[in-house]
1. If contacts are Cα pairs under 8 angstrom and at least 6 residues apart, what is the relative contact order of the chain in percent?
2. Where does each of ASP273, ASP656 land when they are ranked from fewest to most other beta-carbon atoms within 10 angstrom?
3. What is the calculated FRET efficiency for LEU222 to VAL359, with r their C-beta to C-beta distance and R₀ = 60 Å, to the nearest 0.05?
4. Determine the gain in length on full extension of the stretch TRP381-SER195; use 0.36 nm per residue of separation and subtract their C-alpha separation, reporting nm with one decimal.
5. Once you wrap a convex hull around the alpha carbon atoms of the chain, what is its projected area averaged over all directions, in nm²?
6. So what's the net charge close to ARG134: Lys and Arg +1, Asp and Glu -1, counting the other residues with Cβ under 11 Å from its Cβ?
7. Which cysteines does the chain leave without a neighbouring Cys Cβ under 4.7 Å?
8. If the label point is 7 Å along Cα→Cβ of GLU370, which residues in the stretch 316-343 have backbone nitrogen under 13 Å from it?
Amino acid sequence: MKALRALLLLSLVAGSGAAAAEPEAGAGGETLLFQADRIDFDRERNLVTAEGNVELAREGRILRADRVVLDRNTGIARADGNVTLVEEDGEVLFADSVELTDDLRDGFVEQFKARFDTGSRLAASWGQLQGGTRADLSQAVYSACEPCGEEPDKAPVWQVKAGRITHDRADQQVTYRDAVLEMWGVPVLYTPYLSHPDPDVTRKSGFLAPAIGHDGDLGVRLETPWYWNIAPDRDATFVPIVASKRGIVGAGEYRQLFDKGRLEVSGSLAALDRKPKERAGGGPRGHLRLKGEAHASADWRLRGEFYRASDDGYLDLTGIDGADTLPSFAEVEGFLDRSYTRVGVFDVQELRAGISGDVTPLAAPEILYEWRSDPAPDGIWSMRAAGAALHRRRADENQRVTLEGGWRLERFTDGGHRLEVGTSLRGDFAHGDLVHDNTAADDNNARLLPLASAGWSYLLAGGMEQTQLTVEPRAQVVVGRNSADVDDFPNEDGEPVEFEFANLFMANRFPGLDGVETGQRIDYGLQLGLHGLNGWHIDAGVGQSQRRKANGDARAAGSGLDTAVSDLVGRVDLTAGDSTALSYRFRLDKDDLATRQTALNLSATSDPWRLEARYAKAVGSADEEDGASREREQIDLTLHSAMGANWSAFGRHRRDLDAGSALLHGLGLKYEDECLFFEASFEREFDTPGGDADNRVMVRLVFRDLGSFPANGSRNALPK
């Protein structure tokens, strides 16, 4: 007989006059619908039997099976064979057989199985469904691991077996009673009670994966984070840290999003025993950090941060932050048409040994305005206004205002030559306590700094079938005042200048606002590019600067710019597909081409290995006050190895080559698959070359769905 594919109202085809006259509906007023290849009716016993691709539907729930028998006297439906129950929220349940009420909400199941959207699985010998949102299962097992493709019956990496498992979708929670954790089929842990969020839930309150380790200063260290999902727009994390040698640290973080902003608050409070070598006074130890921003409009925003620690060594000791300084600021920013505005205050807590916080200034206020005109045939105009009032606990305070205007024009000739000219005028005004001959005096100073420049470059290109070569010679002339009166103006924000190819053709190579380069000079250099069609390329450059006379600014000492003829600077960048990248920066002595400064970064991959190397060398660098040619040389090597599909390892070594001693050793091992993350690392760090060592060991084991799970997706990531 040809199969019937009909969609029928059950109450209308039952055959009795009463049923035909009064359609049967569920609690929600919806009628139970049938679809099957064959439907039979037993009018005497009031039974309906459906066979072949049976589908029942009511109130958003769908029951599919090979055979369904519905007893209209009791309202119970029994389904057998390839039973599938699709819930309103899309969750799919599987069973060999099931008995359900006609609203498909309550009943009993045998050989129950469920698969979540994340791939996690839940199975049980039998169980009870209640209200369409709760399943009480007996002799159950749960796992987030995919079964082995070649051996599907093989035990997964981990699974939890329990006498009873309750899955409450309303509370979004999975609860176990008498549970045993198995790894690769071997029982490793028993617990009478265990609970974790529904695997499809992305945010839910509860404990996150703990971390345990050992630190030379703290002893055994245990972290047990607890996450609080307060609302969709805010959450909090509490992290108690127990250190066997020193005491307890309570850390936490609160985050909240607003319609036009965000807020982050983090801090800690510790009861840690102090050691004599630590620079810390009496009272509790801890830190507080507040970060936030608010967008008043599309053009204006308010940003701020407050960051303070109780003492210099606390954050580094607890592993919360290894920074040398803690910034605090509040500012208003405006992003207007062709301009930028910032008004704010800035402060910093100094954590470096030997540097007093009394010398660190508070900038209040700090103002910056920058404007640039639209590109036009007659060039681009620019303007900058900046100022700051600096306050200290000690006497020396000063105020600074800088006004600068400029113009730049760029043209290309018919022959391909690029010509550029520019000019600017800068005025600086300073008031405050300035130091002359080791004597502080209240003083007012002003200066005008005119500047003019002209540049030229010419790009040549050619090549063969597989390669393309570019050659670009470049030169510029810069003319300015011979002196910037640096002794009359404080250097508050100016970092020591580091001469390199990247700033060879800058009109002012000094970073910050206070540093100014003066005099007359010629800059010249050559850039080369070699590009292959198979994905590799080399970019290189070399250049030099020649001044009319030596630079007398003490801030340029040792930088390679303090002589009339500068050192040679250059770069070489090599990229070979995705496997190899090399970056080489150098500065060579102008007289004998001896190496004055070198920076080398290498990343090379050849399965299963990846090497990362960093090498740095400096001779008479600019941050040495006496300008002596003392050599500093350091290398940092990290080797990664992917051992199969899931295991990886790394080793790290940092060494001071000048002192001939190690600065850091590190080893790590990691396992990661779709359901398990394991990481163990060891690190030995020396506070100074050949000095005391601090040993740190950290172990982390995370079962997906049972705690936070790393989302970096990279099994070769270097553990922190």
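Throughout, read-outs are computed from the coordinates displayed, never taken from laboratory work. Keep in mind the model is a prediction, meaning the values are calculated, not measured. Neighbour counts run over all protein chains shown; Cβ positions are idealised from the backbone, glycine included.
1. Computed value for the chain: 5 percent relative contact order.
2. ASP273, ASP656
3. Once rounded, the FRET efficiency stands at 0.95.
4. Stretched out fully, the TRP381 to SER195 stretch lengthens by 60.4 nm.
5. The orientation-averaged projected area of the Cα hull of the chain comes to 46.4 nm².
6. The answer is -2.
7. Cys with no partner Cβ under 4.7 Å: CYS148.
8. Residues 334-336, 338-342 fall inside that zone.
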